[in-house]
Structures are given as structure tokens and as C-alpha cells.
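Working notes, structure below.
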Amino acid sequence: MQGNDACAEGAVAAGCRFFAGYPITPSSEVAEQMARRLPKLGGTFIQMEDELASMAAIIGGAWTGVRSMTATSGPGFSLMMENIGYAAFTETPCVVINIQRGGPSTGQPTMAAQGDMLQARFGSHGDYSVIALAPSTVQEMFNLTVKAFNLADRFRVPAFLMSDEIIGHLRERVEFPDEVECIPPKTIREGMLPFEPEDDLVPGFTPFGKGHRVHVTGLTHNEKGYPASTDPDLHEKLVMRLVEKVERARHEIADYDIVNPEAEIVFISYGAPTRAVRQALLDAPGKSYGHLNLRTVWPFPEGLLKKFTNARVFLVPEMNLGQIAREIQRHVDQPVIPIPRLGGALHVPSYLLKSAEEHE
Amino acid sequence: MSAEDWFREDRLPHIFCAGCGNGTIINCTLEAVDSLGWKIDDTVFVSGIGCSSRASGYIKTDSLHTTHGRAIPFATGVKMAKKDFNVVVFSGDGDLSAIGGNHFIHACRRNIDITVICMNNQIYGMTGGQGSPCTPKGAVSTTTPYGMEENPFDLCELASAAGANYVARWTSYHVKELTQAIKTGLQRPGLSFIEVVVQCPTNYGRRNRLRDVQSMISAMKDHALLKEKRDRLLAEGKPIPDDMFVVGTLTDRNRPALGVNE
Amino acid sequence: MKYEVLFSGFGGQGIILSAVILGRAAAMYDGKYAVQSQSYGPEARGGASSSTVIISSDPIQYPKVLQPNLYVIMSEAGFLKFGAAAPESALMLVDSGLVQSRPRCRFIEIPATMQAKEVLGKPIVANIVMLGALVSATGMVSFEAMERAVLDSVPKGTEELNIRALNLGRDILQKGGDA
């Protein structure tokens with residue numbers, strides 16, 4: 001099965017019953033599969049007039065208490081940014097699939113890239129926090145889509161599946177579990193206000209039609225949900241909470257693989273380049289290079305870097321000019337060497353080994 | 001229940017200027033929903049950005065105050081994800097026809113079962129009186145200091161052409177007719193569009209020799225041409241005065257609609 | 001044994017489907033590992049499209065084919081773009097009616113499109129003819145697995161035609177191709 005189809009199957013298994021999207025290469029198979037699947041499950045697929053509308057519609061869908069998702073690629077992701085900020089600020093749980101292609105602009109519609117990783121974290125204006133997952137197998141396209149829904153609900157944030165054209169269009173064997181774990185958002189407790197945080201900083205969810213009579217606004221709002229856009233302290237407290245509720249849970253959210261934690265030379269990768277690193281490690285059995293594969297990229301699980309106690313250097317192959325390498329360097333004293341690959345072709349394992357040998 | 005029961009009293013005082021007509025339109029809308037026996041918890045108000053769009057926050061239902069121009073796609077999501085909600089959109093002329101124009105067209109094309117009420121004050125009121133796509137030719141705004149040169153949008157013709165089932169235009173002077181039009185629109189399956197020409201004394205009237213509320217309302221009343229009269233003039237081959245705009249029920253039909261709760 | 005197969009032809013010949021069917025035969029019906037990926041441009045039809053599949057008895061990490069050891073070439077443009085540089089150790093199956101050039105490596109000429117037209121009356125199944133020949137030439141997956149994968153993948157009502165196409169490819173190969 002193809003990665004994009006596995007993603008749609010993951011969404012369906014996770015109980016997603018509303019999809020709004022706009023066709024864009026190389027993500028369209030996700031929409032096409034949802035268009036086939038949802039009507040038969042009592043769900044709704046709607047093709048919107050653009051990506052701004054798609055993002056808006058899934059936020060509307062999410063507030064009815066229905067798990068909602070859209071799928072896109074670079075240019076569409078850019079168009080979604082304003083409403084992604086709205087979702088973050090209004091604490092709307094929703095899932096956005098980004099099958100990354102070469103940018104900037106129209107770039108390489110049919111070729112893979114990982115150029116939207118910082119945009120996922122910082123792309124909308126203002127400060128906020130989100131969750132971003134990165135699959136490197138078709139199986140993970142399924143598993144991490146399910147996980148994205150659970151995390152979106154758990155933290156009431158937009159959760160992104162930051163995949164790429166290689167994994168989205170890859171076909172390999174997938175095993176669907178009979179049942180997947182779907183953890184619904186916690187509901188609001190009696191006497192609490194709709195945007196009043198609990199101890200974990202996340203307010204209980206108040207979907208429409210349940211008598212909560214909640215007002216949802218993109219303006220700075222108080223715990224009642226009412227606009228209060230000129231109170232500096234209130235705004236600061238709200239934004240800090242929205243960032244903190246995700247950032248302080250970063251190790252709960254972290255999903256990763258670690259190979260050879262005692263290594264001196266350590267690869268860090270996510271998405272398609274993980275496949276190149278794994279092959280490189282297989283091709284060099286005599287060397288014991290370390291490898292950290294990140295399935296969670298945001299919030300960045302910086303504590304994992306400390307597990308490589310002997311690390312002298314971190315090598316970071318990415319299909320961009322070092323977006324996550326820059327993040328890694330913020331957290332460690334050792335040199336972090338980006339190994340960028342642009343243009344759509346995946347890093348060749350022998351090239352990764354050559355880069356590693358240069359640091360021996 | 002009465003229309004007052006739909007207000008969020010704890011949101012008062014509202015932000016509208018003295019003399020603003022938006023409150024009248026909210027009143028007419030709530031009068032209409034209440035007279036239909038709609039339930040607060042089955043109804044969702046959605047709005048974009050601008051003075052008009054603050055309306056959703058003064059109403060007791062679940063509501064979404066969204067981003068500029070995007071009220072309709074948010075509302076589309078609410079309606080399509082859960083068809084048993086009654087969904088009403090408040091928008092302004094700038095919000096709906098400039099930044100949100102494409103969404104408006106496609107919502108009419110889909111003929112989705114929501115009601116869109118446009119408070120057309122012919123200006124960007126909240127941001128200080130900039131020209132909008134509905135600013136009349138020659139009118140002064142902060143971005144048309146020498147008079148608007150562009151042609152204004154006829155939002156009702158647009159909605160009809162794009163496929164909306166019900167289209168009506170009134171003004172904030174025509175309270176009874178407006179309430180009835182909203183009531184009809186709410187009941188009609190498919191997209192109902194009600195444009196309400198409304199006075200903005202602060203940012204439109206002040207710059208266009210309509211300083212007080214009364215002169216603005218008189219001007220609206222004097223320039224409103226009943227559709228029936230317009231049709232009669234046309235039939236008689238008589239000219240329609242340039243400075244008049246048509247009010248009344250402009251489209252009322254039953255084309256297949258999207259998102260109707262069956 | 002690890003097979004890295006590259007299919008190329010013009011869009012509309014079923015180049016991608018060929019790789020999908022081969023991958024499916026290996027992964028679903030032959031207990032092997034397979035990954036399939038494709039390179040494609042903006043054209044929906046025409047152009048030189050290509051598709052690759054890796055088949056191995058071990059898990060496959062790197063998903064892209066770096067150096068194919070098997071080629072299935074069904075157009076001259078595809079040959080020039082993807083086949084001309086084939087290393088001498090590779091094996092290439094060419095649709096001999098459509099590909100004029102010949103590689104330096106070992107090759108087998110399969111008149112797939114011509115035979116599909118003459119014998120089956122349907123040139124559209126030429127890609128399946130090529131698959132029949134490929135599997136018979138290499139034994140990379142069992143013929144039975146291939147049959148099941150073809151039946152899974154083709155439109156309803158065309159099953160018999162496609163199985164005949166598969167058998168036709170095997171028969172052409174067993175007669176030594178067009179050489």
C-alpha cells in the first residue's frame with residue numbers, strides 16, 4: 001500500500017469523520033482515499049475552494065466534536081498558516097497532513113523535500129506551540145496519523161504529520177491492527193470555564209451542541225472565551241500557557257528510536273533520510289555509529305540528545321538546508337553538521353558514510 | 001422564550017458606536033430565530049472580522065468568531081460535520097466580498113444550507129473607514145480621499161448568479177421586512193443570503209455629508225427602490241434612477257442544496 | 001538475493017502498475033520484502049515515466065533504487081533516459097517493437113506490444129506480457145504469486161485477458177524471446 005493511502009486509513013481508523021481539502025501534488029491521494037472512504041462510514045468529505053477554506057472548515061468540523069483532518073503540500077501549507085494560528089490560539093484539536101515537496105514557491109511538485117519543518121513550528125504569526133510527527137515508513141504513515149489525532153485531542157492543538165513525497169508515494173507492506181487506541185479529549189469538568197486550564201494546562205473540551213454555549217474567538221480571550229485583547233498580562237499569560245502546555249510535555253510526546261547510544265559519531269534524522277541512515281549503518285557493520293530517529297520533531301525532544309553520552313559530533317541529514325540541525329545545535333555543545341540534500345533525491349548511504357568517516 | 005433570551009448579557013456593553021445599525025440587524029435576526037422556535041443549543045453563529053463580525057460574541061449560542069474573510073468556510077465545516085446544526089453567518093461587506101469573496105461564491109455555488117447575513121455599511125468601519133468593494137462610486141473614505149473610482153459590488157446579483165436559493169436585500173430602516181426576510185431565509189433549504197445596507201455614521205457618514213444618524217437613515221430610505229417598483233418601471237420602459245438600489249426578495253427558489261439535514 | 005528493478009516507458013503504458021504488481025506479488029504472496037517508488041513529471045500521459053521496485057528476502061531500508069540490476073524498457077525515450085547507462089552486469093528486457101536501441105548489458109527482446117496486439121488483440125496488456133517474461137527469466141517471484149498479484153490489480157472483467165498476457169510473456173521468454 002502507498003504511504004498516502006496508509007495515512008488515510010490511519011485517519012479512518014482513528015475515527016476521523018470529516019475531511020476538507022484541496023488537491024495538491026504530492027498529497028492528493030490522501031484526499032482521494034478519504035473521498036472514497038468517508039461517505040460509507042457516515043462521515044463527510046468536502047473539496048473546498050482553496051487551502052485557506054480547507055483549514056477553516058476542519059476547525060469548524062472539529063468544534064462539532066468530530067475528528068477532522070486536511071492534507072496538503074508546501075504551497076497549500078503556506079496558505080493554511082493563518083488558520084493554523086487560529087487553531088493553536090483557540091485550542092482546536094485537528095490534524096494537518098503535509099506531504100512535503102521541493103520549495104520555495106511552486107518548486108518541485110513531484111519531488112520530495114523537508115523544507116517546511118520550521119514553518120510547521122513557526123509559520124503562523126505570534127508565539128504558539130504545535131505537535132509535528134515525521135514518518136519514515138508506510139506503516140508509520142498509518143500509525144503516526146492515529147497518534148496525531150490522539151495528541152491533537154490530548155493537548156488541544158493542531159497536530160501535523162510532516163511526511164514527504166518519498167514516504168507518501170512509497171509502497172510497502174503495512175499491517176493494520178484490528179483496532180487502534182482512540183483517546184478522546186477530556187471533557188470540561190463541572191464548574192470550569194471553557195478556556196480554564198486544568199493542572200496539565202489543557203482546558204477540558206467543550207464541543208458545540210452540548211450546552212456549553214462557548215464563544216470561540218481568535219482574539220485574545222479570557223477563560224470564559226470572551227475577547228480581552230487589550231490586557232497585556234492576560235495576553236502574556238495565555239500565550240505562555242499555550243506554549244508551555246506542549247513544551248513541558250515534550251518527553252511524554254517524544255517518539256523515537258536510538259541505536260548505539262555509546263557512539264561518538266551520531267546521525268540524527270527523521271522522515272525519508274532515516275531510511276538512508278539505516279541503510280548506511282547496515283552497509284558499515286564494522287563501524288558503530290549512533291542514530292537517533294525522531295518520529296516526533298515538535299516539540300523538539302532535546303533531552304534525547306543527552307542519551308548519547310560519548311557523542312563528539314552530530315550529523316544531521318535532512319532534505320533542507322539544516323532546519324532541524326539548527327534546532328539541535330541550540331541544545332548541545334558538540335558540533336552539529338547538517339548534511340543537506342535538495343532537489344528531491346534522497347541522500348545516498350555511501351555519501352552518509354563518507355561524511356561520517358571525515359569525523360573519525 | 002423571547003429574542004432577549006438569546007443575548008449574552010454578560011458581554012454588555014457592546015463595542016458598536018452610538019447610532020450604528022448593526023444592533024438593529026442582530027435584533028431582527030434573533031427575533032427571527034426565536035419566532036421559528038429554534039433552540040439555542042442547536043444553533044451556531046459564525047462570523048469573520050470587522051464590526052459586523054463581533055455580533056456572534058453577543059449571542060448566547062455556541063459561536064465561532066473566526067479570521068478575516070473566512071467565516072463561510074468555518075461555517076461550512078460546522079454544517080458539513082454536523083448537519084443538524086442551524087448555522088448562521090454574520091459578515092460585513094469587506095469581510096464577505098473582498099478577502100472572503102471566493103468563499104462566498106463557492107458557498108452560493110454549493111448552495112450549502114446556511115444563512116449568510118451581510119451587514120453592508122459600505123466601508124471598513126472597525127479599522128477606521130477605508131474603502132471596501134461596496135463603497136459607492138464617488139464616496140470618500142480614508143483610502144479613497146478623492147472619491148471612490150471603482151465600481152461597487154452588487155452582492156445580491158453575485159449570490160443569485162452563483163446559485164443561492166434565497167437572496168434578499170433590505171436596510172436597517174426596514175426592520176419588519178428584514179425580520180421577515182431573515183425568517184424566510186432561515187427556513188429555506190440551501191444558501192440564503194440577506195444583504196442589509198446599514199448606516200455607519202462614524203466612518204462613512206462623517207466623511208460623506210451624512211453626519212447624523214437620521215440623515216443616514218433618511219438617505220437609505222430615500223434611495224431604496226422596492227423590487228416590485230423597479231420591475232414596474234422596467235415593464236413601462238421607464239429609467240431606473242442611478243442613485244437607487246433595489247430592496248426586496250430578489251431570488252427565491254428551491255434548487256438542490258448541500259448539507260440539508262434529512 | 002536483492003533485485004532492484006527499473007521499469008520505464010511512456011506514460012499510459014502501465015509502467016507504475018507493473019512495479020506495483022511485482023512488488024505486491026513479492027510482499028503479499030511470496031513472503032518477501034518489497035518497496036516500490038516512482039519518478040514522475042507533470043505529464044499524465046506521454047513523457048518518459050519510470051518506476052522502481054526493490055525485492056529482497058531481508059527487510060529493505062533504503063527505498064530508492066541506486067543501481068538497478070534488472071531493467072524493463074518499453075519505449076525508446078525510456079531507454080535513452082533510464083536504460084542507456086545500465087551496467088554490464090545488469091539484465092534488460094526490451095519491448096523490441098518499441099525500443100530501437102540495445103544496451104551493452106545482457107538483454108532479451110520481448111515483442112510484447114506487437115504480440116499483445118496480434119495474439120490478444122489488446123496492446124494495452126503489453127506491460128503484463130513483460131511481467132510474465134520478467135518473472136520467467138529471473139524467478140524473482142513465483143509465477144503463482146504473480147498471477148495472484150495480477151488478479152488483485154487489474155480491472156474487473158479483464159482478469160482472463162491479463163492472465164493470458166502473463167502466460168504469453170512466459171511463452172515468449174521460454175522460446176528465447178525475439179533474439
Answer from A:Leu346, A:Leu282, A:Leu352 - the residue that is part of a loop (DSSP other than H, G, I, E, B), within 14 Å of chain C (Cβ to nearest Cβ) and within 30 Å of A:Thr110 (Cβ to Cβ): A:Leu346
Mind listing just one residue for me: the one in the range B:1-56 that is part of a loop (DSSP other than H, G, I, E, B) and of a type in the set (Lys, Arg) and, of those, surrounded by the most Cβ atoms within 10 Å (Cβ to Cβ)? B:Arg8
Tell me whether the range B:135-147 contains one or more residues that are within 29 Å of B:Glu262 (Cα to Cα), of a type outside the set (Phe, Trp, Tyr) and in contact with a Ser or Thr (Cβ under 8 Å, 6 or more places away or on another chain). no
For the range B:2-14, state whether one or more residues are facing another protein chain (nearest Cβ under 9 Å) and closer than 22 Å to B:Cys200 by Cβ. yes
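Per-residue answers, yes or no, for (1) within 11 Å of chain A (Cβ to nearest Cβ); (2) over 16 Å from B:Ala162 (Cβ atoms); (3) not aliphatic (A, V, I, L, M):
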residue	(1), (2), (3)
B:Asp84	yes, yes, yes
B:Val87	yes, yes, no
B:Phe90	no, yes, yes
B:Asp95	no, yes, yes
B:Ile99	yes, yes, no
B:Phe104	yes, no, yes
B:Cys108	no, no, yes
B:Asn111	no, no, yes
B:Cys118	no, no, yes
Can you spot a residue in the range A:315-334 that is of a type outside the set (A, V, I, L, M), within 14 Å of chain C (Cβ to nearest Cβ) and either assigned to a loop (DSSP other than H, G, I, E, B) or free of Cβ contacts under 8 Å to residues at least 60 places away in the same chain (or both)? yes
Looking at (1) crowded, with 24+ Cβ neighbours inside 10 Å; (2) of a type outside the set (Val, Ile, Thr); (3) closer than 21 Å to B:Thr29 by Cα; (4) in contact with a strand residue (DSSP E or B) (Cβ under 7 Å, 6 or more places away or on another chain), which one does B:Gln122 not meet, given that it meets all the others? (4)
When every residue in the range B:25-45 that is in contact with a Lys or Arg (Cβ under 8 Å, 6 or more places away or on another chain) and either modelled with pLDDT under 95 or not acidic (Asp, Glu) (or both) is compared, the one nearest to B:Cys118 (Cα to Cα) is B:Ala32
Checking C:Gly121 against (1) loosely packed, with under 15 Cβ neighbours inside 10 Å; (2) under 19 Å from C:Ala19 (Cα atoms); (3) without any contact (Cβ under 8 Å) to a residue 12 or more places away in the chain, which test does it fail? (2)
Tell me the residue from A:Ile188, A:Ile166, A:Ile131 that is of a type outside the set (Asp, Glu), within 14 Å of another protein chain (Cβ to nearest Cβ) and crowded, with 24+ Cβ neighbours inside 10 Å, please. A:Ile166
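Every residue, every condition in (1) within 11 Å of another protein chain (Cβ to nearest Cβ); (2) of a type outside the set (Gly, Ala, Ser); (3) more than 18 Å from A:His169 (Cα to Cα); (4) surrounded by fewer than 24 Cβ atoms within 10 Å (Cβ to Cβ), yes or no:
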{"position": "A:Phe18", "(1), (2), (3), (4)": "yes, yes, yes, no"}
{"position": "A:Gly43", "(1), (2), (3), (4)": "yes, no, yes, yes"}
{"position": "A:Ala57", "(1), (2), (3), (4)": "yes, no, yes, no"}
{"position": "A:Gly60", "(1), (2), (3), (4)": "yes, no, yes, no"}
{"position": "A:Gly65", "(1), (2), (3), (4)": "yes, no, yes, yes"}
{"position": "A:Gly74", "(1), (2), (3), (4)": "no, no, no, no"}
{"position": "A:Ser78", "(1), (2), (3), (4)": "no, no, yes, yes"}
Keeping to the range C:37-57, report how many residues are within 9 Å of chain A (Cβ to nearest Cβ) and at pLDDT 95 or above. 1
Subset of the range A:209-239 [within 14 Å of chain B (Cβ to nearest Cβ) and hydrophobic (A, V, I, L, M, F, W, C)]: A:Val214, A:Val216, A:Leu219, A:Ala228
Filter result for the condition that a residue is at the interface with chain A (Cβ under 10 Å from one of its Cβ atoms) and either farther than 21 Å from A:Gly65 by Cβ or of a type in the set (D, E, K, R) (or both), over B:Gly69, B:Gly23, B:Gly19: B:Gly69
Subset of the range B:125-170 that is hydroxyl-bearing (Ser, Thr, Tyr) and surrounded by fewer than 22 Cβ atoms within 10 Å (Cβ to Cβ) - its residue that is farthest from B:Asp242 (Cα to Cα): B:Thr127
Can you name every residue in the range B:70-102 that is within 22 Å of A:Phe18 (Cα to Cα) and not in a helix (DSSP H, G or I)? B:Arg70, B:Lys82, B:Lys83, B:Asp84, B:Phe85, B:Asn86, B:Val87, B:Val88, B:Val89
Of everything in the range A:20-37 that's in contact with a Ser or Thr (Cβ under 8 Å, 6 or more places away or on another chain) and surrounded by 24 or more Cβ atoms within 10 Å (Cβ to Cβ), which residue is farthest from B:Val78 (Cα to Cα)? A:Pro26
Which of the numbered conditions does A:Leu242 fail, given that it passes all the others? Conditions: (1) among the aliphatic types (A, V, I, L, M); (2) within 14 Å of another protein chain (Cβ to nearest Cβ); (3) buried (at least 19 other Cβ atoms within 10 Å of the Cβ). (2)
Screening A:Ser269, A:Ser350 for residues that are surrounded by fewer than 23 Cβ atoms within 10 Å (Cβ to Cβ) and of a type in the set (S, T, N, Q) leaves only A:Ser350
Mind counting the residues in the range A:43-102 that are outside any loop (DSSP other than H, G, I, E, B) and of a type in the set (Asp, Glu)? 2
Among the residues of the range A:106-128, how many are assigned to a helix (DSSP H, G or I) and surrounded by fewer than 17 Cβ atoms within 10 Å (Cβ to Cβ)? 2
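The values are calculated or read from the model by the stated rules, or taken from the named source; none is laboratory data. Note that the structure is a prediction, hence the values are computed from the model and not measured. Every residue, glycine among them, receives a Cβ derived from its backbone with ideal geometry; neighbour counts consider all protein chains shown.
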